[in-house]
Amino acid sequence: MHADSGSGLKKEVHAIDRSLIKILVAEDSGYILKIIVTALKKAGYQVHTASNGQKAWEYLTSLVNDDTFRSIDDHVNIIISDIEMPQMDGLHLIRNIKSHNALRSLPCIVFSSLINDEMSLKCKSVGADAQLSKPELGSLVEAVDNIVASLH
C-alpha cells in the first residue's frame, strides 16, 4: 500500500483532514496499543481503544443501539484490530462488523504478528479491508491514509 502509486493518490491523501477521522483500535497488549495510538495520534487521527474484540464489539453495538444513532461514520471511521485477543478475536470481530447492517461499511484493518499467506486469506474471508504485520508500524498510518482516501 504505497501512498504514491502514480495515480496522484499521494496528493489526495495529504488533502484529507486526519483530525476528522475516528479510529477504533482493538488490541490486548498494552505496550503495542500504546505504540499504535501514539503513531496514529502523531499523524493527527482521533483514536478510541478497546482492550479486546469483545470490548470493541460492545462499544460499536452500544453506539448503534443508542436512540440518537444515525450513522457509524459519526462515531467511528476505521477499525484496526489484532487477531489474537481474549474474549473475542479480531477475525470474529470483523465478521460481526461486516455482517451487521449498520456497521458493514466500516473499513477494517488487521494489524497482527500472525499475518502470513494463510492468515491473509482468512482476513479477506471475514471482510478485512487490509492486513499488516505488526513490525510494519510505519505502514499502518499509510494504510489508514489509503483507506480514508478511498472513502472520499
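Ignoring any ligand, DNA or RNA, what whole percent of the accessible area of the chain comes from carbon and sulfur when the probe is 1.4 angstrom?
Reported share for carbon and sulfur atoms: 49 percent.
Per DSSP H run of at least 4 residues, take -39500 (n - 2.57); add these up for the chain, divide by its residues and hand me the 222 nm value, nearest 500 deg cm²/dmol.
Value at 222 nm, helices only, nearest 500: -13500 deg cm²/dmol.
Measuring with a 1.4 Å probe in the full set of protein chains, what accessible area per residue, in whole Å², belongs to the chain?
Using a 1.4 Å probe on heavy atoms only, each residue of the chain averages 52 Å².
Give the relative contact order (percent, whole number) for region 45-106; include only Cα pairs under 8 Å separated by 6+ residues.
39 percent.
Which whole-number percent gives the relative contact order of region 25-152, counting Cα pairs below 8 Å spaced six or more residues apart?
Computed over region 25-152, the figure is 22 percent.
Need one number: convex hull volume per residue for region 13-58, Cα atoms only, in Å³.
66 Å³
Binning at 10 Å from 0, report for region 29-103 what percent of all alpha-carbon pair distances ends up in each bin.
Reading the bins upward from 0: 17, 50, 30, 3.
Can you compute the radius of gyration and Dmax for the chain, using only the Cα atoms, both in Å?
14.6, 45
The values are calculated or read from the model by the stated rules, or taken from the named source; none is laboratory data. What you see is a predicted model, and the numbers here were worked out from it, not measured in a lab. Accessible surface areas use protein heavy atoms only, side chains included; no ligands, DNA or RNA. Shrake-Rupley method; radii C 1.70, N 1.55, O 1.52, S 1.80 Å.
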